[in-house]
Amino acid sequence: MDKITLYYFNVGDRVTNARGENVKLLLEDAGLNHNYIRLPRGEVWAAKKAQLIDEGFLSPTLPYIEIGDKKYGKAIPIMQYISAKLGNKYHGSDAEEDHYLAYVAEVTTEWYECLRTSFFGTDQDKEHHTKNITPHYIDLFEKFYAKHNGPYVLGDNITYPDFLIYHLLDDDLALCRLAGSPNLQKFVETFGNRPNIKKYFATLPKLSSK
């Protein structure tokens, strides 16, 4: 593939926060040549959004990727598109498996929306999320990973929802809350030892200090 440029916001105090990181993880794993441009909110994003509208990009939101003169939006569709361009590298082997992956991806969207609500919510919202929502989704995805005997959600081969799930565990500060969830623990360990992912993770302390 031609060089890819990924655009997303700066969110909070961690370079890995929120939806852009899902795409970043997949790009790293696939070894694709790319730039990652982080835009501040406010006037910079307002100007970029106006530009996208002028260019006919419908429903302009971040993240989006740019390849040549073409733009592709929304995190999950971007990941599905990249997988398709790579010969369905991160898809299933048939329609049934692809439906299952889409189903799992939809559940990750539910989790993300809960996390987003708590992030912008009150202290009470954050406490409720930590005590109730996070354990609920850890338990649910432990069952997803048990279904095909791991280490990935579909079994032996990594697929695009695995990136979504790993990143949600990280985004929700839940990677250290997996005691009693052996299938998720196995997944997290396996995911973190993928060669390109391991190399990328090694750069994060340096990136986080900027």
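The values are calculated or read from the model by the stated rules, or taken from the named source; none is laboratory data. In this text, all values refer to a predicted model and were calculated from it rather than measured experimentally. Using ideal geometry, Cβ is built from the backbone for each residue, glycine included, and neighbour counts are taken over all protein chains shown.
Being among the charged types (D, E, K, R), farther than 19 Å from GLU28 by Cα and under 18 Å from the mean Cα position of the chain (by Cα) is the filter here; which residues of the stretch 143-176 pass it?
As a first pass, look at the stretch 143-176 and keep what is among the charged types (D, E, K, R): 143, 147, 156, 162, 170-172.
The next check asks that each one be farther than 19 Å from GLU28 by Cα; those that pass are 143, 147, 156, 172.
Within the stretch 143-176, just ASP172 meets the criteria.
Wholly within the stretch 138-210, which helices (runs of 4 or more DSSP H) include no fewer than the required count, namely at least 1 residues that are in contact with a strand residue (DSSP E or B) (Cβ under 9 Å, 6 or more places away or on another chain) and not assigned by TED's automatic domain parsing to the domain that holds VAL15? It would help to see each step written out before you state the result.
Numbers: elements: 160-171, 182-192, 195-208.
Those helices (runs of 4 or more DSSP H) span 160-171, 182-192.
Find the residue count for the stretch 118-137, including only residues that are of a type in the set (Phe, Trp, Tyr) and part of a loop (DSSP other than H, G, I, E, B). Talk me through it step by step, then tell me what you get.
Pass one, the stretch 118-137, residues of a type in the set (Phe, Trp, Tyr): 119-120, 137.
Right, trim to part of a loop (DSSP other than H, G, I, E, B) and you get 120.
Summing the residues that are of a type in the set (Phe, Trp, Tyr) and part of a loop (DSSP other than H, G, I, E, B) in the stretch 118-137 gives 1.
Has the stretch 175-193 got any residue that is among the charged types (D, E, K, R), more than 22 Å from ILE82 (Cα to Cα) and surrounded by 14 or more Cβ atoms within 10 Å (Cβ to Cβ)? I'd like the intermediate steps shown before the answer.
Let us first name the residues in the stretch 175-193 that are among the charged types (D, E, K, R), namely 177, 186, 189.
Okay, now just the ones that are also more than 22 Å from ILE82 (Cα to Cα), so 177, 186, 189.
Filter once more, keeping what is surrounded by 14 or more Cβ atoms within 10 Å (Cβ to Cβ): 177, 186.
Within the stretch 175-193, one or more residues are among the charged types (D, E, K, R), more than 22 Å from ILE82 (Cα to Cα) and surrounded by 14 or more Cβ atoms within 10 Å (Cβ to Cβ).
Looking at the structure I just gave you, is LYS89 of a type in the set (Lys, Arg), closer than 24 Å to ASN33 by Cα and surrounded by 13 or more Cβ atoms within 10 Å (Cβ to Cβ)?
Values: of a type in the set (Lys, Arg): yes; closer than 24 Å to ASN33 by Cα: yes; surrounded by 13 or more Cβ atoms within 10 Å (Cβ to Cβ): yes.
In short, yes.
In the stretch 1-29, which residue that is surrounded by fewer than 17 Cβ atoms within 10 Å (Cβ to Cβ) and closer than 25 Å to SER83 by Cβ is modelled with the highest pLDDT? Working first, answer last.
Of the residues in the stretch 1-29, the ones surrounded by fewer than 17 Cβ atoms within 10 Å (Cβ to Cβ) are 1-3, 5, 10, 12-14.
Now restrict to residues that are closer than 25 Å to SER83 by Cβ: 1-3, 5.
Values: MET1: 82, ASP2: 91, LYS3: 94, THR5: 97.
Among them, the one singled out is THR5.
Return the residue satisfying two criteria in turn: it lies in the stretch 52-71 and is surrounded by fewer than 17 Cβ atoms within 10 Å (Cβ to Cβ) and among the hydroxyl-bearing types (Ser, Thr, Tyr), and of such residues it is farthest from the chain's Cα centre (by Cα).
SER59
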